[in-house]
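The values are calculated or read from the model by the stated rules, or taken from the named source; none is laboratory data. These figures come from a predicted structure and were not determined experimentally. Cβ coordinates were reconstructed from backbone atoms using ideal geometry, including for glycine residues, and neighbour counts include every protein chain displayed.
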Amino acid sequence: DVKVTQSSRYLVKRTGEKVFLECVQDMDHENMFWYRQDPGLGLRLIYFSYDVKMKEKGDIPEGYSVSREKKERFSLILESASTNQTSMYLCASTWEGARNTIYFGEGSWLTVV
Amino acid sequence: KNQVEQSPQSLIILEGKNCTLQCNYTVSPFSNLRWYKQDTGRGPVSLTIMTFSENTKSNGRYTATLDADTKQSSLHITASQLSDSASYICVVSAIKAAGNKLTFGGGTRVLVKP
């Protein structure tokens with residue numbers, strides 16, 4: 001079974017702290033994604049990566065950065081967390097190709113106080 | 001702007017009954033449409049994927065339809081069970097140079113009552 005693992009399920013951080021959210025997939029997927037999910041807004045794409053060291057901005061990249069040094073790992077970084085970044089963060093991955101299933105992690109609930 | 005609209009926002013049904021969820025989209029150029037089920041506090045799980053040429057796709061008690069001309073899709077749940085209580089998300093993919101660009105609907109929250 002494909003597995004997308006997010007390192008932290010629940011985090012509480014203070015305003016201004018640097019936050020790392022890690023995501024690992026075990027199926028050699030080329031594409032990896034970071035989304036945030038907020039009530040009434042659905043999933044919004046923050047960044048995605050289609051290869052090692054490659055990244056593209058999504059719809060809401062401000063305040064975030066990403067790192068993909070290895071194919072299986074895609075990290076989301078909040079350089080200086082703010083309260084409006086309190087959200088559920090979802091990592092996803094898939095093989096290249098239109099019909100391939102996108103697999104999601106279980107989500108990381110981040111609260112910034 | 002690419003958009004995906006889902007209706008209703010939420011609905012309550014009795015166990016054993018059927019229901020239909022709607023998804024309208026304006027995504028172009030269209031690549032495929034997916035339905036996901038998301039249990040509370042969990043990540044979304046894929047139910048179906050349909051491309052332009054597919055009108056209907058089933059996964060157990062879930063049946064999705066696609067009308068690419070009117071840009072509408074529906075997800076029909078037959079003989080609902082308590083475990084069907086979840087959010088159902090419609091996701092439309094547009095063809096893009098580097099991977100497919102996904103547009104997510106806001107989801108429909110379904111509550112199945114005994």
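What to note about this one:
- B:VAL4 being within 11 Å of chain A (Cβ to nearest Cβ) and crowded, with 19+ Cβ neighbours inside 10 Å: yes
- Residue that is surrounded by the fewest Cβ atoms within 10 Å (Cβ to Cβ) [pool: residues in segment A:36-55 that are within 9 Å of chain B (Cβ to nearest Cβ) and in contact with a Gly (Cβ under 8 Å, 6 or more places away or on another chain)]: A:GLY40
- Number of the exception - A:ARG68 against (1) part of a loop (DSSP other than H, G, I, E, B); (2) touching a Ser or Thr at 6+ places or on another chain (Cβ under 7 Å); (3) of a type in the set (D, E, K, R): (1)
- From the list B:ALA86, B:ALA94, B:ALA64, B:ALA68, the one residue that fits, being out of contact with any strand residue (DSSP E or B) (no Cβ under 6 Å at 6 or more places or on another chain) and of a type in the set (A, V, I, L, M), is B:ALA68.
- When the test is whether a residue is within 14 Å of chain A (Cβ to nearest Cβ), surrounded by 15 or more Cβ atoms within 10 Å (Cβ to Cβ) and modelled with pLDDT of 95 or more, B:ILE89 passes it.
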